[in-house]
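Single-structure report; data block below.
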Amino acid sequence: MDAKERVARRVAREIKPGTLVNLGIGLPSLVANYVPASLGVFFQAENGVIGLGARPPEGMEDRHLTDAGGGFVTAVPGAAAIDSAMSFGLIRGGHLDMTVLGGLQVDERGHLANWKVPGKMVPGMGGAMDLVTGAARVIVAMQHAAKGQSKIVPRCTLPVTALRRVDLIVTDLAVIEPSEDGLLLKERAPGVTIAEIVDATEAILIVPDSVPEMDLAGGKP
Amino acid sequence: MKGALKPEAAAELIGEGASLLVGGFMAVGSPERLIDAIVARGTKNLTIIANDTAMPGRGIGKLISAGLVRHVIASHIGLNPETQAKMIAGELTCELVPQGTLVERIRAGGVGLGGVLTQTGLGTEVEQGKPTIELGGKRWLIEAPITADFALLGAWQADYVGNLNYMLTAQNFNPIMALAGQTVIAEPESIVPVGVIAPDAVRTPGVLVDHLLIRAS
């Protein structure tokens, strides 16, 4: 199991039956692969569909039905097509139960930076600022480190996406819960020791006596 | 509704330096034939207000590639490297706006509201230079309304009075932008007799639409 699959499988465990969930592009979009249909979850794509489905069969794509990354998708029975004002009304208005987003950095306050690297990458925030501000629950799904650098840092050096404290960080090494007191180490990936996680993390972690291994079975049916 | 225009005739309405609201999300739901006609005419110094600048060769990306755009107001330009390169080279300027704020600023402009109060962007670079207000025990960012000289829409069907509907995710910003353009030009995929679009299925009432583009040949 590669690092991304591990993250996606663990995040899938967080998804509750019958909820509305928005998955970011890239790694977060893989989470849908581990959420069984029996869970009755609706995935939202902020470009305007509630009830996002899998990729269509080759040659049967419809250019009017794409996800927020512009890729072809299908819609599940019960899906709804909505305009952008409704889409972000759902997001900001507290109607979205969960969003899963990628991250460049998360810091000890639980602040996320994921939209800009000044002077290098200025893609724009898209819907990320609204999602982090408005979703009932925000989960950051990312690799623990990039190019040998910890992405979990004492203080974000990149521009933050919102002042809201994210609810959970899931990486290939650990599950971490930002809290009032700091970053709480909740779980470790199978075969990874606490010392290895602490070593790979630039931020200070609060380490409890017992840190269980992640459950990678995917979403509960 | 003033009648169906050829793309070239529609493009002639748009002068240099005009501001254009352009519907579409990564070019899905963008008025491609209208954009092609603007590129053919070479109308310069345009301000483009849209969710994104698509990618080179598609939708708004064609206006960017042709060097016709002076200013962009968008939520995301990351999938069009030309927009970023031209911004870095100083050939165009770009205001990045959170997507939900952008659509509400356009809606506010189109429905006669003086602005938007939102918590999105508080404490980030988006807040810089903008007023905030305390209301109901919370702090809100005040975002200004947006209107433009033209709204260029991509629709699925139009009828003879300009009522529009949209297909799936090709809807996106289009129905909101229909409210906020001084002149509204819609490019439907097909034009159908009045009544084919049932009143309950109309997403943009024809009273908002000034011109339709004639059917594609």
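The values are calculated or read from the model by the stated rules, or taken from the named source; none is laboratory data. Given the structure is predicted, the values throughout are model-derived calculations rather than measurements. Please note: Cβ atoms are built from the backbone with ideal geometry, for glycine as well, and neighbour counts cover all protein chains shown.
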If you take the residues of the range A:35-90 that are of a type in the set (D, E, K, R) and touching a strand residue (DSSP E or B) at 6+ places or on another chain (Cβ under 9 Å), which of them is farthest from the other protein chains (Cβ to nearest Cβ)? A:Arg55
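Can we say B:Asn172 is away from every other protein chain (no Cβ under 11 Å) and either closer than 21 Å to B:Ala50 by Cβ or modelled with pLDDT of 95 or more (or both)?
Numbers: away from every other protein chain (no Cβ under 11 Å): no; either closer than 21 Å to B:Ala50 by Cβ or modelled with pLDDT of 95 or more (or both): yes.
It is false that B:Asn172 is away from every other protein chain (no Cβ under 11 Å) and either closer than 21 Å to B:Ala50 by Cβ or modelled with pLDDT of 95 or more (or both).
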Run B:Ile73 past the list (1) in contact with a strand residue (DSSP E or B) (Cβ under 6 Å, 6 or more places away or on another chain); (2) surrounded by fewer than 22 Cβ atoms within 10 Å (Cβ to Cβ); (3) outside any strand (DSSP E or B) and report the number of the one that doesn't hold. (3)
Which residues, taken from the range A:75-96, are among the hydroxyl-bearing types (Ser, Thr, Tyr) and in contact (Cβ under 8 Å) with a residue 40 or more places away in the chain? A:Ser87
Scanning the range A:128-150 for residues that are surrounded by fewer than 24 Cβ atoms within 10 Å (Cβ to Cβ) and of a type in the set (D, E, K, R), the one farthest from the chain's Cα centre (by Cα) turns out to be A:Lys147
Going through the range B:103-126 one residue at a time, which ones are in a helix (DSSP H, G or I) and not basic (Lys, Arg)? B:Val103, B:Glu104, B:Ile106, B:Ala108, B:Gly109, B:Gly110, B:Val111, B:Glu125, B:Val126
Taking the range A:13-26 and keeping residues surrounded by fewer than 24 Cβ atoms within 10 Å (Cβ to Cβ) and touching a Phe, Trp or Tyr at 6+ places or on another chain (Cβ under 7 Å) leaves A:Leu20
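Residues that are crowded, with 24+ Cβ neighbours inside 10 Å and closer than 16 Å to A:Pro123 by Cα: does the range B:84-91 have at least one?
No: zero hits.
Sort through B:Ala85, B:Ala158 and tell me the only one that's assigned to a helix (DSSP H, G or I) and either modelled with pLDDT under 95 or away from every other protein chain (no Cβ under 12 Å) (or both).
Numbers: B:Ala158 fails: assigned to a helix (DSSP H, G or I).
Going through B:Ala85, B:Ala158 in turn, the sole match is B:Ala85.
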Answer residue from the range B:106-134, given it is in contact with a strand residue (DSSP E or B) (Cβ under 7 Å, 6 or more places away or on another chain) and more than 10 Å from chain A (Cβ to nearest Cβ) and is surrounded by the most Cβ atoms within 10 Å (Cβ to Cβ) among those: B:Val116
Verdict on A:Gly119 being more than 14 Å from chain B (Cβ to nearest Cβ), surrounded by fewer than 17 Cβ atoms within 10 Å (Cβ to Cβ) and not polar (S, T, N, Q): no
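Of the residues A:Val198, A:Val192, only one is more than 20 Å from the chain's Cα centre (by Cα) and part of a loop (DSSP other than H, G, I, E, B); which? It would help to see each step written out before you state the result.
Details: A:Val198 fails: part of a loop (DSSP other than H, G, I, E, B).
Answer to the check: A:Val192.
Consider B:Glu143 carefully, then state whether it is more than 30 Å from B:Asp36 (Cβ to Cβ) and touching a Ser or Thr at 6+ places or on another chain (Cβ under 9 Å). Before you say what the answer is, go through the steps one by one.
Numbers: more than 30 Å from B:Asp36 (Cβ to Cβ): yes; touching a Ser or Thr at 6+ places or on another chain (Cβ under 9 Å): yes.
Considered against the rule, which asks whether it is more than 30 Å from B:Asp36 (Cβ to Cβ) and touching a Ser or Thr at 6+ places or on another chain (Cβ under 9 Å), B:Glu143 comes out as yes.
I'd like the full set of residues that are more than 14 Å from the chain's Cα centre (by Cα) and at the interface with chain A (Cβ under 7 Å from one of its Cβ atoms), limited to the range B:88-99.
Of all residues in the range B:88-99, those more than 14 Å from the chain's Cα centre (by Cα) come to B:88-96, B:98.
Correct list: B:Leu96, B:Pro98.
Can you find, within the range B:188-217, the residue that is nearest to the other protein chains (Cβ to nearest Cβ) among those that are assigned to a strand (DSSP E or B) and crowded, with 24+ Cβ neighbours inside 10 Å? Full working, then the answer.
So the first thing to find is which residues in the range B:188-217 are assigned to a strand (DSSP E or B), and the list is B:188-192, B:204, B:211-213.
Now narrow it down to the ones that are crowded, with 24+ Cβ neighbours inside 10 Å: B:188, B:204, B:212-213.
Numbers: B:Pro188: 13, B:Thr204: 10, B:Leu212: 19, B:Leu213: 18 Å.
The extreme case among them is B:Thr204.
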Do we have any residue at all in the range A:31-38 that's modelled with pLDDT of 95 or more and assigned to a loop (DSSP other than H, G, I, E, B)? no
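Given the criteria surrounded by 20 or more Cβ atoms within 10 Å (Cβ to Cβ), touching a residue at least 12 places away in the same chain (Cβ under 8 Å) and outside any strand (DSSP E or B), does B:Pro175 qualify?
Numbers: surrounded by 20 or more Cβ atoms within 10 Å (Cβ to Cβ): yes; touching a residue at least 12 places away in the same chain (Cβ under 8 Å): yes; outside any strand (DSSP E or B): yes.
Answer is yes for this residue.
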Considering every residue within the range A:155-170, establish whether at least one is touching a residue at least 24 places away in the same chain (Cβ under 8 Å), touching a helix residue (DSSP H, G or I) at 6+ places or on another chain (Cβ under 6 Å) and either basic (Lys, Arg) or more than 14 Å from chain B (Cβ to nearest Cβ) (or both). yes
